[in-house]
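Below is one structure, written out as structure tokens, with a few remarks after it.
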Amino acid sequence: MLHPQAWSSDRRLDILILGPMSEDETISASCVPVQKAVECLLDEPEFASLLAEAGVSPEHRTVHVPERIFGLNITDGVLSRIDIADLIIFNLTPKDGREEASGNVFYELGIVHALGIPTILVMEEGKGGVPFYAREMLQHKVPDFSEESLKNGLRGTLLNFLRKGDPSSNYGNNRLTLFYGLPIVDISAAMGLATGYYYNFISRLITEGGFLADEENGIGEVVMVRPRSIQGSYQADIAAFKKALSKEGLQLETKKLDPPPGDTLGPLWFDHVGDVIIDLPRTIYPLQRAPRLLAYRNRKVRGLSREAEQAYQQRLAQSGEALLDRFFEGIRYQIEMDGLRVRQEIVHVASFEEAPALISRLLSRV
């Protein structure tokens, strides 16, 4: 039903290594050995092939460590790297003389979990214990922090992350998402809009005994169309979508239904082709004002080179795609919470490009 977020949607791969910081690259209590091992893995043929398929060139893959973040104070530097990271690898190995990773490391892990960013944990065997909140998470334990040990410990899980559509590659799950059902960040902007959209529109279409109770209402399937970009406008997108439908020989019509007994929200207006209801959610476009996007825009540095400007725009677009993912994940969440009260199987989400063909297939069903 959903379009999972693609790490490569900005044609970049940004990996951040977090953990104890030290300029001594020979000890495990440092991010630098992990950085070097990951960089070597990305050069291996299987990794290079996956990156090439995703359109990520060698110069557009980066592995950051706090020790080598220049030009910013360490806090701003780490937070800025977290904000653009596709994957964060945490080294939970404590420094010598300590039993657990430092409080700073777990503060960063909490931030990352709240944002729902994919995470991999690595630590050296026999070096202290795993703190309470990480005990139920998969830890990749290595005998030592030599390059070969780290590569062997991380190779399989990193390949899974890069493989699109692999259900085992969802490293965004953590204690917070398991408890709330969604990353905490999704409980705000995108989730709020999704909840209102679901309550005011989608749930009214698919709730058993509501509008569905009257066959003459002509509700067969419901297709939600994903906008081309969160940075666009509804007017431009709906005009382009109508043109795309016309190429399939389809034309949108608008229908008004009076509310059934018990529905106090008033008449329902919707676009449709036959008994397929089609909606490009107007509600989505205010996400252009989501705080995370605005904060990223405010951090833009003037006078960027052409390549840096392109990278900035790609990352901005990726952040927008992530918010779209969150919006439709919010719809899925609400549908699951309603359970048998709603007819889940008639709801579809399609990209702008996929929707016309999907609608044609739904219209041709027996």
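The values are calculated or read from the model by the stated rules, or taken from the named source; none is laboratory data. Remember, predicted model here, so these are calculated numbers, not experimental data. In this analysis, Cβ positions are derived from the backbone assuming ideal geometry, glycine residues included, and neighbour counts consider all displayed protein chains.
Listed values, structure above:
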read-out: Any hit, the range 141-160, residues being part of a helix (DSSP H, G or I), in the same structural domain as Gly55 (by TED's automatic domain parsing) and at pLDDT below 80; value: no
read-out: Test: residue in the range 231-248 that is exposed (fewer than 14 other Cβ atoms within 10 Å of the Cβ), within 20 Å of Thr207 (Cα to Cα), free of Cβ contacts under 8 Å to residues at least 60 places away in the same chain and assigned by TED's automatic domain parsing to the domain that holds Phe211; value: no
read-out: Pairs with Cβ under 8 Å, 6+ apart, first in the range 323-348 and without any contact (Cβ under 8 Å) to a residue 60 or more places away in the chain, second part of a helix (DSSP H, G or I) and of a type outside the set (A, V, I, L, M, F, W, C); value: Glu336/Gln344
read-out: Within the range 95-113, considering residues that are among the aliphatic types (A, V, I, L, M) and under 14 Å from Ala85 (Cα atoms), the one surrounded by the most Cβ atoms within 10 Å (Cβ to Cβ); value: Leu109
read-out: Search result, residues across the range 351-364 that are within 17 Å of Ser9 (Cβ to Cβ) and of a type outside the set (Phe, Trp, Tyr); value: Ser351, Glu353, Glu354
read-out: Test for Ser168: is it part of a helix (DSSP H, G or I), among the hydroxyl-bearing types (Ser, Thr, Tyr) and modelled with pLDDT of 75 or more; value: no
read-out: Qualifying residues in the range 265-295 (those that are at pLDDT 90 or above and among the small types (Gly, Ala, Ser)) - the one surrounded by the most Cβ atoms within 10 Å (Cβ to Cβ); value: Gly274
read-out: Qualifying position, being of a type in the set (Ser, Thr, Tyr) and modelled with pLDDT of 90 or more, among Thr62, Thr75, Thr93; value: Thr62
read-out: Residue match in the range 173-196 (condition: out of contact with any Lys or Arg (no Cβ under 8 Å at 6 or more places or on another chain), more than 30 Å from Tyr107 (Cβ to Cβ) and at pLDDT 90 or above); value: yes
read-out: Criterion: touching a Gly at 6+ places or on another chain (Cβ under 9 Å) and β-branched (Val, Ile, Thr) - qualifying residue of Thr195, Thr207; value: Thr195
